[in-house]
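Working notes, beginning with the structure itself.
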Amino acid sequence: MIIFLISLSSKQKLYHKMSIPSKYEAQKVENQWYKYWMDNEYFYSTPDARESYTIVIPPPNVTGVLHMGHMLNNTLQDVLIRKARLMGKNACWVPGTDHASIATEAKVVARLKERGIAKSDISRDEFLDYAWEWKNEYGGVILEQLKKLGCSCDWKRTKFTMDEDMSASVIRVFVELYNKGLIYRGYRMVNWDPEARTTLSDEEVIYEEQQGLLYYIAYPIDGTDERLVVATTRPETILGDTAICIHPQDERYAHLKGKKAIVPISNRSIPIIEDEYVDLEFGTGCLKVTPAHDENDKALGEKHNLETIDIFNADATLNAHGLHYEGKDRFVVRDEISKELKGLGLLEKTEPYTNKVGTSERTKAVIEPRLSEQWFLKMDTLAQPAIDAVLHTGEVKFFPKKFEKTYRHWMENIRDWNISRQLWWGQRIPAYYYGKGSQDYVVAEDADQALNLARKKSENDKLTAKNLRQDKDVLDTWFSSWLWPISVFDGIMEPENEDIKYYYPTSDLVTAPDILFFWVARMIMAGYEFKGQRPFENIYLTGIVRDKQRRKMSKSLGNSPDALELIEHYGADSVRVGLMLSSAAGNDLLFDEALCQQGKNFANKVWNAFRLVQGWEVEDIPQAESACLGLEWYRAKLAKTLSDINDHFDKYRLSDALMSVYKLVWDDFCSWLLEIVKPAYQQPIDKTTYKAIIELFEANLCILHPFMPFLTEEIWQRIRKRNKDEALIVSSWPTLSLNNQELIPEFEFATTVISAVRNIRKKKNLANKEALDLLFIDKEKLDQRWDVVIKKLAYLKSIGSVAAAVEGAVTFRVKSNEYYIALEGKLDTEAEIEKIKEELEYTQGFLKAVEKKLANERFVNNAPEKVVAMEKKKASDALAKIETLEKSLESLK
RNA sequence: GGGCUCUUAGCUCAGUUGGUUCAGAGCACCUGCCUUACAAGCAGGGGGUCGUUGGUUCGAAUCCAACAGGGCCCACCA
C-alpha cells in the first residue's frame, strides 16, 4: 500500500484555496520551482549508504546553444534521474561541457578575425588567452539553458574537459599508453581539413555524394606521337603525378610498357608502371598516380618506388609545384586547369560523374588526403574487452539492441586512431623533442620529467629545459571525452578517491547514435583500460530530431524551432511531454509543435483535476457506495499501470511509460474515477473518499513527476504546505501490490454498459436529465455491485431485471447478456430488427468458423489444450449470444 | 560493394516466445454538446485484405524465401 503522510481534519481546506486560475500558467511557476529545488539542494549528491544511480551528461560543446537534440537528450536523462531519485537511489547527474577543439578554435579564429586579428599574427599563448576569454563568456550558456528545461543536474559537479584535473588525466593517460607501446608516431596519409588546417580522424570525415565531372586527360608518350588517356575526377592533381599505371594484362597498352609519359603543363616525364590494382573496366583502364594526394596512390608509390610531389599548402591552395597556379585554391585550379588542358588539346572529354567526397564533420570543408607526421593510438588490443563486454558478457547493454550490431561491425574492423590535431585549443601532446633525429623525443607528464628522460635517452647530461621543444599539436577532443565517466570523478589522477569508488561504474548513458564511434565505443574501451570496469551499464540511444518532412533539423535549413522560445510558449513540462511522446529509443523523432500543444493540454487537464478536487467541501458524512467501489477499482488499476510503467522503464521504453501515465491520469482518474466520486452540485464530499482521492492524486503526481516536474511539484505543494523534506522531487515512488486485479475487467464491463447507454442516449437524442430504466434478463451475468456506478454515470433511474424483453425498449448486448432501455413512446422496430439480424448473421458466421476449426482433427490434436479450450469457449459464448439474439428477434416480431 | 534495419488506420508508432485478450494506441478526422474542474474540454463514432508474391504450419502481422520501395552504418575504385 501507499504510505501517505496526510492528516485531515473534517473541514480542512486545501492549502492556497483562493483564486486558482482555470488555465495552468507554466511560465509563472517554473522558475520559482527550479529555484526552490536549487535552494534546497535536492540535486546534489554525496556518497552515502544508498545505492548510487549515476548519469554523466554527454558534454555539449562549450560554445554551443541548446537545440532540439539537446532538449530530447537531456529530457530523457532528467526523466531517468528523477525516477531514480524517487526510487530512493542516490541520484547523481554530472553536467559539464566539452572544449570541442576544432569547433571552438574555429569560432575563436572567426571572432579574432572580426577584430582584425589573424591567428598567425599572435602567439600560441595569446591565442589561448583569447580562447579562454571566449569560453568564460559563453561557456555556461548551454548549461543555463538546461535549467530552463528542468534538468536536475548536480551543478556543484559541473566539469569542463579542459579543467586542470581533466587535462592532467588526459596527459597521464597519454603517457601511460605511450609507455605501453600503444601510442606511436607515424608518417601517414591522413585526412586534412584545409579550413581548420588540421588532420582529422577517420570518424570525423563524412562522405557525401557529390555531382562532379570525370575528366579524360591525354598524356603524350615520350618519343612517340601517341597519347595515353587517363580519367580523373581531380585534374588539378596532375601536377603531382609521378607515374601512370596500367594493368599488366591489358593488351591495349601492352606496347607502352617501359615507356614514359609526359605530364601536361608541367612537362615532367613520368614512368608508365604496371600493377594489377588497376581496374580494367573503369575509365580508360589506366590510372594516374599521385602518391602525395591519395591513399591508394601512396601505396602504389611505395611499391614502385615513385617520387612523391606534394602540390598543396595547408589551406589547399597550390604551392610552388603548382607552377603558375601557385597560391590559387584547388577548386579554382580544377576549373582553370581543365580550360588550359582544353586549350592544349589534351582534354579529350568530360562526363558527369557522381562520387563520394569526404568532408569535415565540423567545418564541412572537403577533406584533402595528406601525408604527414601524426600521433596514432593502436586500437586492436583496447577493443577486445570492449567487444566482449557488449557482445559476449552483456555487461554493457544497448537500447535499442540493434546498435550492438553496428558497434560490433565497427569494433571488429577498428583502425588506429589519429589523435593529433594541428590546433592550439586542447591538451598539448606531452612529447618533447631534444634533437634532430626522428627518435629524439621523450614523452612525459611535465617538462621536468621530460628533461630527465631526455638526458637519459640522449646520454647527454647537459641538456637543459631550453633544449626541449614540446610537440606543437594538441590531442583530439575525443581523447579527453573518452575518459569522461572516469575523469569527472577524478578517477585517473586519484583512482582510490571516494567519489570514483561510489559513482563508478555509472548507470545509464543517454546519447545520440551519431557519436557511437566517436565517443561511446571509446568510453567503453577507456573504461576497461583505465578502470578495469565498464563505464556504464546501459546505453540509451536517442533518435535524431527531424521535422515533419523527415529532414534533419539544422540551422542551415532553418527548420529548427528555437528551443527556448518553445519553452517560453508552451512551458518546459509541455515541451518535455511533446518530445517524449513520440521518441521510442533509437527511433527518429518527427518533431511537430502539435506535440507540445498536446503536452500543454495534458498539463491543463491535470491542473483542472486539481481545481475540481480542491474545490470540494469535505464533511463527515457516509461514503457513497459508488465512490467506495470506484476507489477500489482505481487502486487496482493504479497498481497494474504502475507495474506496466516500471516494466517500461526497465526496458527504457520511456515514451510508453509516459503514455501509460497519460492514459491513467486522463482516462482512468479524470474521466472515470473523478466522475464517480464527484458529489452533486454544491454538495459536500465525504471525508473518507476525499482523503483517498488526495492520496491517489498524490500517487499520480509522483508517477508523473519525472516527465512533468514543474506542474507536479506545483500541485503537490498546493495540496498542502510541505516541509523541505516533503517536496515531491524527493518523495517516494509508489509501491502497490497487485491486489484485486479482478476488479479491472469487472469495471471494464461496467464501463461498456455505461458507454452503451450513452450511445443510445446520443442516438435517440435523450438528454442526461431524462432518467431511464435499465433492464436485463440474466442477473447472474452482471455483478450487481457495479449497479451504483452504472446508474450514476449513465444517469439511470433504476436498474432491474425482467424475465422477457419489454415492449418499446431499445436493446444492446454486452458479452452474452442483453440489456433493455425502457423508452416511452414509439420505437423504430424495423431498424431494431435489422440491427439484430445483422448481428445474428455475423455471430452465426463466426460460430461456423470456430466450429470448423474444432472439427479439424489436426487442430484439436496439435494445438495446445489451452488454445482448444479457448476455442470451445468462443463457440459456447457465440451460441449463447445467438440464443439471446433470436429471443429478442422473436419478441420484436 | 559489404553489413544492419524498416514497410501495420490520414499521421507517428505498439504488437515480446506464431494461437481468446490480435488487428491496437496517441494524434488527426466526423457527429452532437459553452453539462456548475477543464472547449487546452465532454460524449459518441468512422477508419487498416498488417508492402507484394510464394512457402512452412492445424493456424502467420508474427517464421522462411524472393521481389518492390524507404532508411542507417561501414568501405581506397581513379
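Between A:A636, A:A680, which is within 30 Å of A:A794 (Cα to Cα) and assigned to a helix (DSSP H, G or I)?
A:A636
Would you mind finding the one in A:L516, A:L483, A:L509, A:L475 that is surrounded by fewer than 22 Cβ atoms within 10 Å (Cβ to Cβ), aliphatic (A, V, I, L, M) and in contact with a Phe, Trp or Tyr (Cβ under 8 Å, 6 or more places away or on another chain)?
Checking each option against the conditions leaves just A:L516.
What residue, of A:Y130, A:Y138, is of a type outside the set (K, R), at pLDDT below 90 and open to solvent by 50 Å² or more (accessible area, probe 1.4 Å)?
Details: A:Y130 fails: at pLDDT below 90.
One residue alone meets the criteria, A:Y138.
Could you please let me know if A:Q249 is out of contact with any helix residue (DSSP H, G or I) (no Cβ under 7 Å at 6 or more places or on another chain), more than 12 Å from RNA strand B (Cβ to nearest atom) and open to solvent by 10 Å² or more (accessible area, probe 1.4 Å)?
yes
In segment A:660-677, which residue that is over 17 Å from A:T689 (Cβ atoms) and touching a Ser or Thr at 6+ places or on another chain (Cβ under 7 Å) is farthest from RNA strand B (Cβ to nearest atom)? First the steps, then the outcome.
The first filter runs over segment A:660-677 and keeps only residues over 17 Å from A:T689 (Cβ atoms), leaving A:660-667, A:671.
Restricting the remaining residues to those that are touching a Ser or Thr at 6+ places or on another chain (Cβ under 7 Å) gives A:660, A:664.
On the way: A:S660: 9, A:L664: 11 Å.
Here the answer is A:L664.
Please pick out the residue among A:K147, A:K180, A:K156 that is under 30 Å from A:V79 (Cβ atoms) and surrounded by fewer than 16 Cβ atoms within 10 Å (Cβ to Cβ).
Working: A:K147 fails: surrounded by fewer than 16 Cβ atoms within 10 Å (Cβ to Cβ); A:K180 fails: under 30 Å from A:V79 (Cβ atoms).
Checking each option against the conditions leaves just A:K156.
Anything in segment A:350-379 that is of a type in the set (G, A, S) and more than 31 Å from the chain's Cα centre (by Cα)? List them, or say none. Talk me through it step by step, then tell me what you get.
We begin by selecting, within segment A:350-379, every residue of a type in the set (G, A, S); these are A:358, A:360, A:365, A:372.
The answer is A:S372, and nothing else.
Can you pull out every residue in segment A:191-218 that is under 26 Å from A:I238 (Cβ atoms), within 12 Å of RNA strand B (Cβ to nearest atom) and either polar (S, T, N, Q) or open to solvent by 10 Å² or more (accessible area, probe 1.4 Å) (or both)?
Within segment A:191-218, A:N191, A:V205, A:Y207, A:E208, A:E209, A:Q210, A:G212, A:L213, A:Y215, A:Y216 qualify.
Scan segment A:681-730 residue by residue and report those that are among the hydroxyl-bearing types (S, T, Y) and open to solvent by 20 Å² or more (accessible area, probe 1.4 Å).
Matches in segment A:681-730: A:Y681, A:T688.
Which numbered condition in (1) under 28 Å from A:G283 (Cα atoms); (2) open to solvent by 80 Å² or more (accessible area, probe 1.4 Å) is the only one that A:Q384 fails?
So the condition that A:Q384 fails would be (1).
Select from segment A:262-285 the residues that are away from RNA strand B (no atom under 16 Å from the Cβ) and of a type in the set (S, T, Y) and write down the one among them that is modelled with the highest pLDDT.
A:S269
In segment A:678-696, how many are within 11 Å of RNA strand B (Cβ to nearest atom) and either farther than 18 Å from A:L629 by Cβ or under 35 Å from the mean Cα position of the chain (by Cα) (or both)?
Of the residues in segment A:678-696, 3 are within 11 Å of RNA strand B (Cβ to nearest atom) and either farther than 18 Å from A:L629 by Cβ or under 35 Å from the mean Cα position of the chain (by Cα) (or both).
Let me confirm something: among A:S554, A:S560, A:S582, which residue is open to solvent by 20 Å² or more (accessible area, probe 1.4 Å), among the small types (G, A, S), more than 10 Å from RNA strand B (Cβ to nearest atom) and touching a residue at least 24 places away in the same chain (Cβ under 8 Å)?
A:S560
Checking A:V109 against (1) assigned to a helix (DSSP H, G or I); (2) open to solvent by less than 20 Å² (accessible area, probe 1.4 Å), which single condition isn't satisfied?
(2)
Name the single residue that is farthest from RNA strand B (Cβ to nearest atom) among those in segment A:585-630 being part of a loop (DSSP other than H, G, I, E, B), among the small types (G, A, S) and in contact with a helix residue (DSSP H, G or I) (Cβ under 8 Å, 6 or more places away or on another chain).
Checking each candidate, the answer is A:A624.
Please work out which residue is farthest from A:L541 (Cα to Cα), limiting yourself to segment A:563-579 and to residues that are within 11 Å of RNA strand B (Cβ to nearest atom) and open to solvent by 10 Å² or more (accessible area, probe 1.4 Å).
Restricting to residues being within 11 Å of RNA strand B (Cβ to nearest atom) and open to solvent by 10 Å² or more (accessible area, probe 1.4 Å), the top hit is A:H569.
Take the residues in segment A:504-551 that are among the β-branched types (V, I, T) and part of a helix (DSSP H, G or I); name whichever of them is nearest to RNA strand B (Cβ to nearest atom). Write out each step before concluding.
Keep residues of segment A:504-551 that are among the β-branched types (V, I, T), which gives A:506, A:510-511, A:515, A:520, A:524, A:539, A:542, A:544-545.
Pick out the ones that are also part of a helix (DSSP H, G or I) and you get A:515, A:520, A:524.
Working: A:I515: 10, A:V520: 12, A:I524: 16 Å.
Top of the filtered list is A:I515.
List, please: which pairs have Cβ atoms under 8 Å, are six or more places apart or on different chains, and start with a residue in segment A:381-401 that is farther than 15 Å from A:M411 by Cα and end with one that is outside any helix (DSSP H, G or I) and among the aromatic types (F, W, Y)?
A:F399/A:Y540; A:F399/A:Y652
For segment A:567-594: of the residues being over 17 Å from A:D78 (Cα atoms) and more than 19 Å from the chain's Cα centre (by Cα), which is modelled with the lowest pLDDT?
A:A594
Within the set of pairs 6 or more residues apart or between chains, which connect a residue that is assigned to a loop (DSSP other than H, G, I, E, B) inside segment A:805-823 to a residue that is modelled with pLDDT under 70 and not hydrophobic (A, V, I, L, M, F, W, C) with Cβ atoms less than 8 Å apart?
Partner pairs satisfying both residue conditions: A:G808/A:E824; A:G808/A:G825; A:G808/A:K826; A:K815/A:K781; A:S816/A:K781; A:L823/A:G808.
Scan the strands (runs of 3 or more DSSP E) fully inside segment A:286-380 and keep the ones with 1 or more residues being closer than 20 Å to A:Q210 by Cα and either within 14 Å of RNA strand B (Cβ to nearest atom) or charged (D, E, K, R) (or both).
Passing ranges, in order: A:347-360, A:368-377.
Hey, could you check segment A:252-299 for residues that are basic (K, R) and closer than 18 Å to A:T237 by Cα and say which is surrounded by the fewest Cβ atoms within 10 Å (Cβ to Cβ)? Walk me through how you get there before you give the answer.
Restricting attention to segment A:252-299, the residues satisfying the condition of being basic (K, R) are A:252, A:257, A:259-260, A:268, A:288, A:298.
Imposing the further condition that a residue be closer than 18 Å to A:T237 by Cα reduces the set to A:268, A:288, A:298.
Details: A:R268: 16, A:K288: 25, A:K298: 20.
So, considering only residues that are basic (K, R) and closer than 18 Å to A:T237 by Cα, the one surrounded by the fewest Cβ atoms within 10 Å (Cβ to Cβ) is A:R268.
With the checklist (1) more than 29 Å from A:P535 (Cβ to Cβ); (2) in a loop (DSSP other than H, G, I, E, B) in hand, flag the one item A:P58 doesn't pass.
(1)
When segment A:748-769 is examined, which residues are found to be within 15 Å of A:K792 (Cβ to Cβ), near RNA strand B (Cβ under 10 Å from one of its atoms) and in a helix (DSSP H, G or I)?
A:T751, A:I754, A:S755, A:V757, A:R758, A:R761
Going through segment A:115-134 one residue at a time, which ones are at negative phi and not in a helix (DSSP H, G or I)?
Across segment A:115-134, the qualifying residues are A:R115, A:I117, A:A118, A:I122, A:S123.
The values are calculated or read from the model by the stated rules, or taken from the named source; none is laboratory data. Keep in mind it's a predicted model, so treat the numbers as computed, not measured. Heads up, the Cβs are rebuilt from the backbone with ideal geometry, glycines too, and the neighbour counts pull from every protein chain shown. Protein only, heavy atoms only, side chains kept; ligands, DNA and RNA dropped before computing areas. Shrake-Rupley method; radii C 1.70, N 1.55, O 1.52, S 1.80 Å.
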